[in-house]
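Written below as structure tokens is the structure these notes are about.
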Amino acid sequence: MTLVNDAPLNRYRTMRRIRTFEERVGELFLKGQSAGSMLHLSIGEEAVVGLTDHMAEGDTFTTHHRGHGIFLARGADPMRMLAEIGGREAGYCRGKGGSMHIADRSLGHLGANAIVGGGIPHIIGAGITARNTGSDAISVAFFGDGAMGQGILYEAMNMAALWKLPVVFCCINNQYGMGTRVDRSAGRQDFPARAEAFGLQAARADGADVEVVHDTARTIVEGARDKQPGFLEIDAYRFHGHARMDKSPYRTPEEEEEGRRRDPLVTARIALDDAAALDAIDAKVTAEMDTAMEAAIAAPPPAPDTMFQDVYDPATPAPEPQRTRISRVLEDFA
Amino acid sequence: MTEVTYRDALRQALNDAMSEDEAVILMGEEVGLYGGAYGVTKGLLDTFGAHRVIDTPISEPGIVGAAIGAAMTGLRPVAEIMYVDFAGMVMDQLANQAAKSRYMFGGQIGVPMVLRTQGGTGRSAAAQHSQSLEAWIMHTPGLRLAMPGTVSDAYHLLRDAMRQPDPVVFIEHKGLYTMKGEIGAAPDAPWGQPARRRAGQDLTIATYSRMLHETLTAAAAMAPEVEVEVIDLRCLNPLDDSLLMESVRRTGRCMIVTEAVTTGSVASEIAARVTEQCFDFLEEPPLRLGGEDIPIPVSPDLESASIPEARLIEDVARWLVTREAPSWAA
């Protein structure tokens, strides 16, 4: 049980864990240990912790492709996350999903998604389940400003309002959909106004300050538990490129410098004003992530025949490997 | 045993499943108050209430997406997409989300939902309401596909579909809703397997859905001169082809009759499998008889001419077996 007064410090710790974790993901790639380079870091977006801190056991959520931090904040084991990002058997999805498709049903994570907006409508179904089974769980869809351009978001917001479902739409606006800044993709950038138009309770919070996000999110999340679906925009800045290989040639160094000044970790350190305690947290987090990194890199890859598992449920025969089919055809013919 | 319509059998399956299991819900456009565009869900709203029979906005991707989320969290949703043609609207949710969740997430999260829809020609509904898009589904690992051609299958396949731990696309035929028949005490074949609808030794015809009936009519007209074996594929993905291959190895000839556009079709897949697995046993090349490679035209004359019917099936089958060319052959 966390004391109320420890909560801001704990939020700082969670944000530091996210920051350090994401740095390790970058290193995993540089060491040639990641599965591919489609790694989308959430550095600069850590204040999402202000919302996840209101979530409880039994709540579910879906994320976009930039969702490592959210999953970590909801209790993920960084070793199993790094193992998944590295395509290892020990990963959350046994090396089948990777960074963009990580999930853990037991922690309520219904799946990260690599189709922009793809996971958003799933919270509608989760909301129907909660309603029909009398559960007080909520379901949260996390997505970026890029998803504000997808029709499925508006279908889902309409359904949420129509059926008064216990759901929250959380738009982490990091200002960029890949290389397109939000003022080049949205005719009007007042996203909460769009949600309000559908009948949702909507707000925007400054992503440079996790405590502001936490305060703003309280009303939204409590509303959702009370069947008033909500929308929260977290105004943030994507510190790095779109994916690991992107050097952001579409924005100026000056803009980046200014954006990176809106650092929720720096804001929290100033507010908490206890360098010794915060440094101690940082050191513990570094050690935790180093251990996770080491274990993930040492973890073996999946066996080749696991490729055919989990296309359907385990009771269904696995798809026939191509070599087996070809051998069968040619041996029969001979 | 009393005869019921294909539509009644479907409704009975939904009603029975919903009575047995509170987790089963229906959602879709007009499924509640209106009773379904083709009347399949009539009365279910009164019986089960608005929390289980959910009228939705016209938001096909949202309907399928919501069903996925409900399935992931413990319900057994049956989502309805009024016409299979609207698959164009929902393919992301269907092919990228529902089909791949179990696999991408390492077996943790299944999506036990049924997507009910209907397709096919026969009502002059034109190019956007008459297609047979089963190949789109069959081309996607992770999706199951069932297409009932009989009244008994309308009931039993739908019941079986609702018991699957993975997403099932269940495609009815708009031309069969008023067809009458009996619901058997047991399914004609286990879930996932084809059913032999007629025995014969001269030619095997593989078919499904409404073309089953055109094929059976043709087969009856040819007997006893030509004895055609008719295999109803029923469950197209994953496809259990063992009964079909056993049959073709015996008859030495195979024709595949479908309503869908022929190029890149289920018929093409069957023809490829027959070629690979029965090469040494074949007297003739496997032959596809499907819909013309055109969008479906609205004129009843053009529409009916664009897909196979019993007379054409008979002509082609006879040609294949007896080498007697029909009058239309050049």
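The values are calculated or read from the model by the stated rules, or taken from the named source; none is laboratory data. All of these numbers come straight from a predicted model, not from anything done at the bench. Note that each Cβ is placed from the backbone with ideal geometry, even for glycine, and that neighbours are counted across all protein chains shown.
This table checks each residue for (1) in contact with a Leu (Cβ under 6 Å, 6 or more places away or on another chain); (2) more than 26 Å from B:SER306 (Cα to Cα).
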residue: B:PRO238; (1), (2): no, yes
residue: B:LEU244; (1), (2): no, yes
residue: B:SER247; (1), (2): no, yes
residue: B:MET255; (1), (2): yes, no
residue: B:GLU259; (1), (2): no, no
residue: B:THR263; (1), (2): no, no
residue: B:GLU269; (1), (2): no, no
Taking the conditions exactly as written (within 24 Å of A:ARG11 (Cβ to Cβ), in contact (Cβ under 8 Å) with a residue 12 or more places away in the chain and surrounded by 21 or more Cβ atoms within 10 Å (Cβ to Cβ)), does A:ARG238 satisfy them or not? yes
Residue list for segment B:282-323, restricted to those being closer than 25 Å to B:ARG249 by Cα and surrounded by fewer than 14 Cβ atoms within 10 Å (Cβ to Cβ): B:GLU283, B:PRO285, B:THR322, B:ARG323
Please verify whether segment A:28-42 includes one or more residues that are under 24 Å from B:GLY69 (Cβ atoms) and either within 9 Å of another protein chain (Cβ to nearest Cβ) or under 14 Å from the mean Cα position of the chain (by Cα) (or both). yes
Within segment B:5-19, identify whether any single residue is assigned by TED's automatic domain parsing to the domain that holds B:LEU176, touching a His at 6+ places or on another chain (Cβ under 7 Å) and at pLDDT 95 or above, and answer yes or no. no
Any hit, segment B:237-245, residues being buried (at least 23 other Cβ atoms within 10 Å of the Cβ) and over 20 Å from the mean Cα position of the chain (by Cα): no
Go through (1) crowded, with 23+ Cβ neighbours inside 10 Å; (2) more than 7 Å from chain B (Cβ to nearest Cβ); (3) in contact with a helix residue (DSSP H, G or I) (Cβ under 6 Å, 6 or more places away or on another chain); (4) within 17 Å of A:GLN228 (Cα to Cα) and name the single condition A:ALA112 misses. (4)
Criterion: within 30 Å of B:VAL24 (Cβ to Cβ), over 13 Å from the mean Cα position of the chain (by Cα) and at the interface with chain B (Cβ under 8 Å from one of its Cβ atoms) - qualifying residue of A:GLY125, A:GLY119: A:GLY125
Run A:ARG105 past the list (1) surrounded by 24 or more Cβ atoms within 10 Å (Cβ to Cβ); (2) facing another protein chain (nearest Cβ under 7 Å); (3) within 17 Å of the chain's Cα centre (by Cα) and report the number of the one that doesn't hold. (1)
Of the residues that sit in segment A:280-329 and are more than 30 Å from B:THR140 (Cβ to Cβ) and among the β-branched types (Val, Ile, Thr), which one is farthest from the other protein chains (Cβ to nearest Cβ)? A:ILE281
In segment B:181-192, is there at least one residue being more than 30 Å from B:MET82 (Cα to Cα) and in contact with a helix residue (DSSP H, G or I) (Cβ under 6 Å, 6 or more places away or on another chain)? no
Cβ-Cβ under 8 Å, sequence separation 6+ or interchain: first residue in segment B:280-301 and farther than 23 Å from B:TYR208 by Cα, partner assigned to a loop (DSSP other than H, G, I, E, B). Which pairs? B:PHE281/B:GLY252; B:GLU283/B:GLY252; B:GLU283/B:ARG253; B:VAL298/B:SER124; B:VAL298/B:ALA125; B:VAL298/B:ALA126; B:VAL298/B:ALA127; B:SER299/B:SER124
Enumeration of residues in segment B:179-222 that are among the hydroxyl-bearing types (Ser, Thr, Tyr) and either within 12 Å of B:THR150 (Cβ to Cβ) or surrounded by 21 or more Cβ atoms within 10 Å (Cβ to Cβ) (or both): B:THR204, B:THR207, B:TYR208, B:SER209, B:THR215
Hey, A:ALA277 of a type in the set (Gly, Ala, Ser), buried (at least 20 other Cβ atoms within 10 Å of the Cβ) and touching a residue at least 24 places away in the same chain (Cβ under 8 Å) or not: no
Over segment A:98-120, the set of residues out of contact with any strand residue (DSSP E or B) (no Cβ under 7 Å at 6 or more places or on another chain) and within 13 Å of A:THR60 (Cβ to Cβ) is A:ASP104, A:ARG105, A:SER106, A:LEU107
Working carefully through the options B:ARG116, B:ARG102, find the one that is within 30 Å of A:PRO302 (Cβ to Cβ) and either touching a Gly at 6+ places or on another chain (Cβ under 7 Å) or outside any loop (DSSP other than H, G, I, E, B) (or both). B:ARG102
In segment A:131-158, how many are within 9 Å of chain B (Cβ to nearest Cβ), surrounded by 24 or more Cβ atoms within 10 Å (Cβ to Cβ) and touching a strand residue (DSSP E or B) at 6+ places or on another chain (Cβ under 7 Å)? 1
Just wondering, is there one or more residues in segment B:69-80 that are over 22 Å from A:ALA137 (Cβ atoms) and either in contact with a strand residue (DSSP E or B) (Cβ under 9 Å, 6 or more places away or on another chain) or touching a residue at least 40 places away in the same chain (Cβ under 8 Å) (or both)? yes
Those residues of segment A:247-262 that are surrounded by 15 or more Cβ atoms within 10 Å (Cβ to Cβ), under 14 Å from A:GLY207 (Cβ atoms) and out of contact with any Lys or Arg (no Cβ under 9 Å at 6 or more places or on another chain) come to a total of 2
The condition of being within 13 Å of chain A (Cβ to nearest Cβ) and either on the phi > 0 side of the Ramachandran plot or modelled with pLDDT under 95 (or both) holds, among B:GLY106, B:GLY110, B:GLY120, only for B:GLY106
Being within 22 Å of A:SER106 (Cβ to Cβ), buried (at least 17 other Cβ atoms within 10 Å of the Cβ) and of a type in the set (Val, Ile, Thr) is the filter here, so list the residues in segment A:1-58 that pass it. A:THR14, A:ILE18, A:VAL48, A:VAL49, A:THR52
Just one of the numbered conditions (1) in contact (Cβ under 8 Å) with a residue 40 or more places away in the chain; (2) loosely packed, with under 15 Cβ neighbours inside 10 Å; (3) farther than 26 Å from A:ALA47 by Cβ is not true of A:ALA271; which one? (3)
Can you name every one of the strands (runs of 3 or more DSSP E) wholly within segment B:1-94 that holds 3 or more residues which are away from chain A (no Cβ under 11 Å)? B:76-81
Identify the residue in segment A:77-102 that is within 15 Å of A:ILE297 (Cβ to Cβ) and among the small types (Gly, Ala, Ser) and, among all such residues, is farthest from the other protein chains (Cβ to nearest Cβ). A:GLY86
Checking A:ASP290 against (1) modelled with pLDDT of 95 or more; (2) more than 25 Å from the chain's Cα centre (by Cα); (3) exposed (fewer than 15 other Cβ atoms within 10 Å of the Cβ), the condition it does not meet: (2)
